[in-house]
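The values are calculated or read from the model by the stated rules, or taken from the named source; none is laboratory data. This is a predicted model, so every value here is computed, not measured. Using ideal geometry, Cβ is built from the backbone for each residue, glycine included, and neighbour counts are taken over all protein chains shown. Ligands, DNA and RNA are excluded from the accessible area calculation, which covers all protein heavy atoms including side chains. Shrake-Rupley method; radii C 1.70, N 1.55, O 1.52, S 1.80 Å.
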Amino acid sequence: MQGLLPAIETRRARRALSADSISRGDVETLLAAAHLAPSCNNSQPWRFVVADDPNVLAKVKEALSGGNYWAKQAPIILAVTSRRDLDCALSDARDYFLFGCGMAVGNLMAQATSMGLIAHPIAGYKPELVKAALEIPETYVVITLIIVGRPGDVSLLSDKHRERELGPRERRPLDQVVAWNRFSFEDPPAA
Ligand SMILES: Cc1cc2nc3c(=O)[nH]c(=O)nc-3n(C[C@H](O)[C@H](O)[C@H](O)COP(=O)(O)O)c2cc1C
């Protein structure tokens, strides 16, 4: 295998976290990697709000959906937030703020993996509660929370999550998501 693939393969959406702290310097390294992502016209649409204060973290954790119980162990939660008008908004629904933030999160996850840390993005939370906890204005979208921690004890996970944690990577065959020269996918009709 060549290039970055071995490192990319190492990253998984890990849920077994330890509550051990992570230094501010390490968190800043993750954020610096995120901030080096490319963006449309160098808009840099990402805004990260870092929760590391125990009182603030506790409030953010109240916003988690039940299935994200495992994230309550995390010593750090990063909110990735932005607004449509902070990035290119072009024809054909090309609103690039979500894309730009995704690129930044990709960098952050790669850096975290290389440092032996877990950085797991989630969508399962109540955005209005996250905004209240972190004083994020109503006009911003909380695109994801990134759950950051060190690897922990799989026995704290539900049976379903323990199975996923220890199981193989699940991906469709590459030819179901790649076409050569002609769009030939058989996706269901658009809703
Ligand atoms: C936008 C986004 C939202 C996600 N939301 C959740 C979530 O709320 N809870 C969770 O446990 N995992 C969540 N995940 C993790 C995915 O379930 C995981 O990435 C996927 O199953 C593939 O597994 P892998 O990352 O280990 O390859 C999310 C991932 C992304 C990118």
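Considering only residues of segment 143-168 that are touching a Lys or Arg at 6+ places or on another chain (Cβ under 7 Å) and more than 22 Å from A110 (Cβ to Cβ), which is farthest from the ligand (Cβ to nearest atom)?
Within segment 143-168, the match that is farthest from the ligand (Cβ to nearest atom) is V154.
Considering only segment 85-110, how many residues are more than 16 Å from the ligand (Cβ to nearest atom), open to solvent by 20 Å² or more (accessible area, probe 1.4 Å) and outside any strand (DSSP E or B)?
Qualifying residue count, segment 85-110: 7.
R162: surrounded by fewer than 10 Cβ atoms within 10 Å (Cβ to Cβ) and at pLDDT 95 or above, yes or no?
Here the answer is no, as R162 does not meet what is asked.
Say we look at segment 50-74 and pick out the residues that are away from the ligand (no atom under 16 Å from the Cβ) and closer than 17 Å to V27 by Cβ; which of these is surrounded by the fewest Cβ atoms within 10 Å (Cβ to Cβ)?
Restricting to residues being away from the ligand (no atom under 16 Å from the Cβ) and closer than 17 Å to V27 by Cβ, the top hit is P54.
Can you run down the residue pairs with Cβ atoms below 7 Å, 6 or more apart or on separate chains, where the first is in segment 156-173 and touching a residue at least 24 places away in the same chain (Cβ under 8 Å) and the partner is part of a loop (DSSP other than H, G, I, E, B) and surrounded by 10 or more Cβ atoms within 10 Å (Cβ to Cβ)?
Partner pairs satisfying both residue conditions: L156/A16; L157/R15; L157/A16; H161/R15; E165/R14; E165/R15; E165/A16; E165/L157.
Is segment 1-16 home to any residue that is open to solvent by less than 50 Å² (accessible area, probe 1.4 Å) and not in a loop (DSSP other than H, G, I, E, B)?
The answer is no; no qualifying residue exists.
Starting from segment 101-115, keep only residues that are over 14 Å from L86 (Cβ atoms) and of a type in the set (S, T, Y), then list their pairs with residues that are open to solvent by 30 Å² or more (accessible area, probe 1.4 Å) and within 12 Å of the ligand (Cβ to nearest atom) whose Cβ atoms are within a distance under 8 Å, requiring at least 6 positions of separation or different chains.
Between residues of segment 101-115 that are over 14 Å from L86 (Cβ atoms) and of a type in the set (S, T, Y) and residues that are open to solvent by 30 Å² or more (accessible area, probe 1.4 Å) and within 12 Å of the ligand (Cβ to nearest atom), the close pairs are T113/T10; T113/R11.
Only one residue in D52, D26, D87 is acidic (D, E) and more than 27 Å from L157 (Cβ to Cβ), so which one is that?
D87
Considering only segment 59-99, state which residues are of a type in the set (K, R) and within 18 Å of the chain's Cα centre (by Cα).
K61, K72, R83
So N55 passes all but one of these: (1) assigned to a helix (DSSP H, G or I); (2) in contact with a strand residue (DSSP E or B) (Cβ under 8 Å, 6 or more places away or on another chain). Which condition number does it fail?
(2)
Could you go through segment 121-132 and let me know if any residue there is open to solvent by less than 40 Å² (accessible area, probe 1.4 Å), more than 14 Å from the ligand (Cβ to nearest atom), β-branched (V, I, T) and over 19 Å from T10 (Cα atoms).
Checking segment 121-132: not a single residue is open to solvent by less than 40 Å² (accessible area, probe 1.4 Å), more than 14 Å from the ligand (Cβ to nearest atom), β-branched (V, I, T) and over 19 Å from T10 (Cα atoms).
Pairs only if they're at least six apart or on different chains, beta carbon under 6 angstrom, first in segment 27-42 and under 17 Å from Y96 (Cβ atoms), second open to solvent by less than 40 Å² (accessible area, probe 1.4 Å) and of a type in the set (D, E, K, R); list them, first residue then second.
Note: pairs meeting the criteria are C40/D87.
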